[in-house]
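Working notes, beginning with the structure itself.
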Amino acid sequence: MTVTATPVLLKSDELFGEDRSDTLYDKSREISRYLLMHYGELKDVFDRPQHPLAPAHGFPVRLAQMLEASAAASGTRVRRMLDVGCNVGGVSHALSEWVEELVLGIDISPRSVEIAQTLTRSGCGRFSIAELGPFTRDIELNLPAPDGRATVEFEVGDANALRGSEGGYDAVLLSNVLDRVDDPVACLEQFSTSTDVLAAGGLLMIACPWSWYPEFSHPGVWLGSAQDRIPSEQALKHLLSAHFDLVEEADQPGVLRQNPREYDYFEAHVTVWKKR
C-alpha cells in the first residue's frame, strides 16, 4: 500500500519573511488568506461560531449555489464551465458538484494556479495562516472524492484575453475580476461579440465589490460615472442589456482573515445573465 504525504501548499516561515513575488496575488500572505476563504471551515476562520462576521463565511460555495439555482430557473444545461479569476480554486471545486463535465479555472497568478493544481491532483493539502504576533497555525483540508463530479482543471490566463474553445462554454463566472483588469469593457465584450468563449444561451455570472483602484486600471475606464452619478451596478446593466437578459441579482458577503482580530469584509454585487 502506497501512502501519499499531504502536500504542503504554504509553509509557516513564508508568512513573515521577505516576499519578492512580482504581483500582489502571488504573495504568501495573500495566498494564505485566499486558501482560508476558499477552503477553510467556520472554525478555521473564526474563534467562535457566533462571530459577527460568521454569516460571510462560505462565499465560494454560495456563488456556486446561486449559479446552480439560476441555471435551473432559466433552463440552462451547463456541461462546460469557465471560472475566470479562480485564484486558488475553491469556487471551481464547488461548481464541480453540479456542472456536468468540465470546470476550467483561469487566473493571472501562476502561484495560485500551481497551488490549485497541486490540491486538485492530491485531493488534500496543508497550509499556514497568521495568528497574532509571530505565531502561525496549520490548516489541513481535504477535497470531496471526485466520483460523480465534473473534471476540474486550472491554467494561467488573462481575463482580458481569454482563449475560446469550440462551441464556447455553457457558463462563465467572473468573480472579483472586473475591478482588477485594465479594461473592464473589453473584458465584457469577449462574452457578447462572439460565441468562442460563451455560447449562445449560456450564463454569465459577475460577482464584484466594485472596489476600483488606479493601480489596477485608469479611472477613465471604470464602469460608472461620478459626474453623471451613475453607479457601477447601473453601468454594468446598461452594457450587458443589449445582448443578455438578467436572471438573478443579489449581494453576497465575503470575508478575508488577516489575523484573529482583523478581517477584510466585502459585499460582492452578483448578477447572473443569460445570453440571447
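Taken together, the values in this text are just the output of simple stated rules run on the coordinates, not laboratory data. Predicted model, so just to flag it, every value in this text is computed and none were measured. Positions of Cβ are generated from backbone atoms using ideal geometry, with glycine treated the same way; all protein chains shown enter the neighbour counts.
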- line: Taking Cα atoms, the helix 59-74 axis meets the longest principal axis of the chain at an angle in degrees (rounded to 10) of 30 degrees
- prompt: What is the set of long-range amide H partners of VAL172 at a cut-off below 5 Å, with H atoms built 1.01 Å from backbone N?
  reply: LEU82, LEU203, LEU204, MET205
field: Cross-link partners of LYS27 among aspartates and glutamates (Cα-Cα below 15 Å; sequence separation of 8 or more within a chain)
entry: ASP13, GLU14, GLU18, ASP19, ASP107, GLU114
message: If I model a spin label at VAL156 and VAL221 as a point 7 Å from the Cα along the Cα→Cβ vector, what separation in nanometres do I get?
response: 2.1 nm
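At most 14 other Cβ atoms within 10 Å and a DSSP loop assignment: could you name the GluC sites (Glu not before Pro) in region 139-203 that fit?
GLU166
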field: Nitroxide proxy distance, nm - points 7 Å out along Cα→Cβ at SER211 and ASP44
entry: 2.1 nm
field: Relative contact order for the chain, counting Cα pairs under 8 Å that sit 6 or more residues apart, in percent
entry: 20 percent
Loop-resident sites, region 1-65, for GluC sites (Glu not before Pro), counting at most 16 other Cβ within 10 Å (DSSP): GLU18, GLU41
message: Could you work out how much longer the chain between ARG276 and ASP182 gets when fully extended? Use 0.36 nm per residue separation minus the Cα distance between them, nm to one decimal.
response: 31.2 nm
query: Which length gain, in nm to one decimal place, applies between THR195 and PHE266 when the Cα-Cα distance is subtracted from 0.36 nm times their residue separation?
result: 22.3 nm
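Rank these for me by crowding, ARG149, ARG62, ARG79, going from fewest to most other beta carbons within 10 Å.
Fewest-to-most ranking of ARG149, ARG62, ARG79: ARG79, ARG149, ARG62.
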- prompt: When we measure straight from the Cα of LYS274, which lysines land under 29 angstrom away, once same-chain ones fewer than 8 places off are left out?
  reply: LYS237
query: For the residue pair ARG121 and LYS237, what label-to-label distance in nm results when each label sits 7 Å from Cα along the Cα-to-beta-carbon direction?
result: 4.6 nm
query: Assuming a viscosity of 1.002 mPa s and a temperature of 20 °C, what translational diffusion coefficient in µm² per second does Stokes-Einstein assign to region 8-275, Rh being the Kirkwood radius over Cα pairs?
result: 112 µm²/s
- request: Report the full-extension gain for the segment PHE135 to ASP147: residue separation times 0.36 nm, less the Cα-Cα distance, to one decimal in nm.
  value: 0.5 nm
- request: On a C-alpha basis, how far is the centre of region 16-37 from the centre of region 73-108 in Å? Whole number, if you could?
  value: 24 Å
